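Reviewing the structure listed below.
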Amino acid sequence: MKKDETKIVLDTNIFVNPDSRYFFGKTPKEAFNNFLELISKKNNIICYMPPSIYEELAKFIGHSNISDNAMFINKKPPSVYEISIPSLIFYELIEEVRLRINKGLRVAEKFTRRALRSDNEEEIIKSLREEYRIALREGIIDSIQDCDLLLLSKELKARLATSDKGLIKWSHKLGINCITAQELRTFVE
């Protein structure tokens, strides 16, 4: 890598999250293809996506709707057998998961009590799903794709472009610099 080059690992949500994608376009397809057009003109920015993230993005956009400029994205999996992660991270993750499971249990108990007193089953289930999702998934890494992003960013000593609160939180624990969609837009212009 040349001294003035910057490595960026891209998360799907930069292009699909309505709060992020508008920095590049109105739809996920438009946002990603506009980003590709911008990045195709830069020699000092190297962009990466783990294959799991690229496939996730392609499901939102459709493989046939991705511009030829996608060649400017390096699709690289993390070297999972070579990357060292402090064991304290695993302790913290396990503790976080345990706390969230307990939160989820409390949410389920609350909605069970509510369901016993109500006839509006569909509304209760809808509310339960939302509150349960927030209790268990918001602010935590909860997928292989999240792990791929963290590990690849760590391996490459790259910035992680994401709006995912869980990824940002756990990236900071690993010393990974995160940038928002707005910062990414400014950076590539």
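Those residues that are in a helix (DSSP H, G or I), more than 20 Å from Ala31 (Cβ to Cβ) and free of Cβ contacts under 8 Å to residues at least 40 places away in the same chain, I need them from segment 166-189; list them, please.
Passing the criteria: Gly166, Lys169, Ser171, His172.
Any idea which residue in segment 30-59 is modelled with the highest pLDDT, counting only those that are under 17 Å from the mean Cα position of the chain (by Cα) and surrounded by fewer than 16 Cβ atoms within 10 Å (Cβ to Cβ)?
Out of the qualifying residues, it is Pro51.
Which of the numbered conditions does His172 fail, given that it passes all the others? Conditions: (1) closer than 22 Å to Ser84 by Cβ; (2) surrounded by 15 or more Cβ atoms within 10 Å (Cβ to Cβ).
(2)
Please list, ordered by first then second residue, the pairs with beta carbon atoms under 6 Å, 6 or more apart or interchain, first in segment 118-137 and closer than 13 Å to Val107 by Cα and in a helix (DSSP H, G or I), second at pLDDT 80 or above and not basic (Lys, Arg).
Glu131/Val107; Tyr132/Gly104; Tyr132/Val107; Ala135/Gly104; Ala135/Val107; Leu136/Gly104
List pairs: first residue in segment 91-104 and in contact (Cβ under 8 Å) with a residue 60 or more places away in the chain, second residue assigned to a helix (DSSP H, G or I) and of a type outside the set (Phe, Trp, Tyr) anywhere in the structure, Cβ distance under 9 angstrom, at least six positions apart or on different chains.
Glu92/Lys173
Out of the residues in segment 73-88 that are modelled with pLDDT of 90 or more and in contact with a helix residue (DSSP H, G or I) (Cβ under 9 Å, 6 or more places away or on another chain), state the one that is nearest to Asn44 (Cα to Cα).
Checked segment 73-88; the qualifying residue nearest to Asn44 (Cα to Cα) is Ile73.
The values are calculated or read from the model by the stated rules, or taken from the named source; none is laboratory data. Fair warning: this is a prediction, and the values are worked out from it, not measured in the lab. All Cβ positions, even for glycine, are placed from backbone atoms using ideal geometry, and neighbour counts span all protein chains on display.
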